[in-house]
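Below is one structure, written out as structure tokens, with a few remarks after it.
The values are calculated or read from the model by the stated rules, or taken from the named source; none is laboratory data. This is a predicted model, so every value here is computed, not measured. As a convention, Cβ positions derive from the backbone with ideal geometry for all residues, glycine included, and neighbour counts pool all protein chains shown.
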Amino acid sequence: MTAQENIHFFNTFTRRKERFVPLEKGKARMYTCGLTVYDFGHIGNSRAFIFEDLVRRWLEYRGYKVTQVMNITDVDDRTIKASRKQGVPLKEVTDKYIKAFSEDIEALNIEKAEHYPKATEHIPEMVALVRKLIDKGYAYRGEDGSLYYDISKFKDYGKLAKIKLEALKPGARVKVDEYAKEEAQDFALWKAWDEGDGDVYWQTELGKGRPGWHIECSAMSMKYLGETFDIHCGGVDNIFPHHENEIAQSEAATGKRFVNYWLHNEHLLVEGRKMAKSLGNYFTVKDLTGKGYDPMAIRYLMLSTHYRQQLNFTFEGLEAAKKTVERLTNFARRLLDADGNGVGEDVKLLTDRVQNSFEEAMDDDLNISAALAALFDFIREVNNYLDKNRVSRQEAERIFSMVMRFDEALGVIGEVKKQESLSKEAEELIRRREEARHSKDWKEADRLREQLKALDVIIEDTAQGVKWHIEKH
Ligand SMILES: [Zn+2]
């Protein structure tokens, strides 16, 4: 078996860990439910996006070519409510939050999906899908003019959320997008316009109205990934009704299996409680970066708890994450400076061991705790050798490239920071400038400062000594 064939994921559908077998060798097609852009994304959303990023990056680490689709829900109950409340057109509201969303994605070093389809730009696909469901007898028109999905017609309804439908009242239906598992009933595919929608509607063959939230994801996922695809991700709160309904719609329309692997991340708590604006523990990424927290610390904190465990976000944890990221970055930087005589066999053994442990752990449903534990054990041991200046240039290079390869999956060290180490030339110039300052040759010191500047190295003389940073363009 090749390394590529050894990844296992916990599939919500079967409630078991399963070996990942893609539909097409070497390719992974995944759909991730994106943001509903009625407000700034909160850190609970970030957790889901970072988890999905880790899935994606691990597949890539193992050599898969990933096609990821993340939809943008820019029309639904909540976006319309926000637009009416703020008294501005829907598009103005959603554009604002889409922009903020892409800034967050960038800040958190989340790899870009191949497609970010917007619901409002896929109305014809949704109408066609509803049409198909009508033709096949799965949809009917309610007395309010909306089109509903008849869940009694889909014999497997409830198979993802594992709900039984015996208690179902025939004909009971729900028009809102979100409701509880106990309230399973016919849901809206196409919502007939009513006053609450204001000027948000499309005039289509289904009537004047707008799509239900669930049909949006069925239509957009199948458009970009095909009628059957490999992986569908989301938060656990998406299992019902959203993903259950996506299955019902898609499979009824195509007669094929919709998704092979369903992956869901657990909730995020803040200081031990469910995040809520009313509790004052509700944060967006910008709230935290505005307080001066490093987005890489946020990222590390989010990914260092296994995705199927509840994550308790605390400021203490964020501080600790910051230190851990620094530890990783410093380790990488130290390796660039290593110039010892060589440790020999022991370093080779340590390197092989950490690589095996890290990869084995990640292959096992992204067992991040075990992977990171192996990595930090390794760092501790190598640091001991670095302290004694025993690691040779060649050994350091090998370790460095392995750590940076791990970071392709983790995404917390990053290239920018890697460049924070100085070239030999710049180091020499700084040393000479110190000498010049020492002998009070200010002219020479200034000249060297300019020379460093030409290399993008900015010098600052502080009470603690000379500090430098690399200017980013
Ligand atoms: Zn969705």
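Below is a table of values for the structure above.
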item	result
Filtered residues of the stretch 140-198 (kept if of a type outside the set (A, V, I, L, M, F, W, C) and assigned to a helix (DSSP H, G or I))	152, 153, 181, 182, 183, 195, 196, 197
Counted residues, the stretch 8-39 - those being more than 16 Å from the ligand (Cβ to nearest atom), under 30 Å from residue 100 (Cα atoms) and of a type in the set (A, V, I, L, M, F, W, C)	1
Qualifying residues in the stretch 238-283 (those that are without any contact (Cβ under 8 Å) to a residue 24 or more places away in the chain and either among the acidic types (Asp, Glu) or in a strand (DSSP E or B) (or both)) - the one surrounded by the most Cβ atoms within 10 Å (Cβ to Cβ)	274
Those residues of the stretch 76-107 which are crowded, with 20+ Cβ neighbours inside 10 Å and outside any helix (DSSP H, G or I), in sequence order	76
Where residue 225 falls short, out of the listed (1) away from the ligand (no atom under 12 Å from the Cβ); (2) of a type in the set (A, V, I, L, M); (3) buried (at least 24 other Cβ atoms within 10 Å of the Cβ)	(3)
Subset tally (residues that are under 24 Å from residue 135 (Cβ atoms) and within 16 Å of the ligand (Cβ to nearest atom)) for the stretch 228-241	2
Test: residue in the stretch 320-329 that is surrounded by 15 or more Cβ atoms within 10 Å (Cβ to Cβ) and assigned to a strand (DSSP E or B)	no
Filtered residue count, the stretch 284-309, keeping only those that are in a loop (DSSP other than H, G, I, E, B), surrounded by fewer than 24 Cβ atoms within 10 Å (Cβ to Cβ) and at pLDDT 95 or above	5
Helices (runs of 4 or more DSSP H) (entirely within the stretch 407-469) containing at least 3 residues that are among the aliphatic types (A, V, I, L, M) and either in contact with a Leu (Cβ under 9 Å, 6 or more places away or on another chain) or at pLDDT 90 or above (or both)	424-438, 442-454
Tabulated pairs, the stretch 70-86, first without any contact (Cβ under 8 Å) to a residue 24 or more places away in the chain, second among the aliphatic types (A, V, I, L, M), C-beta under 9 angstrom, 6+ apart or interchain	86/93
Cross-chain or 6+ apart pairs with Cβ under 6 Å, the stretch 24-35 first and more than 13 Å from residue 51 (Cα to Cα), then of a type in the set (Lys, Arg) and more than 16 Å from the ligand (Cβ to nearest atom)	27/65
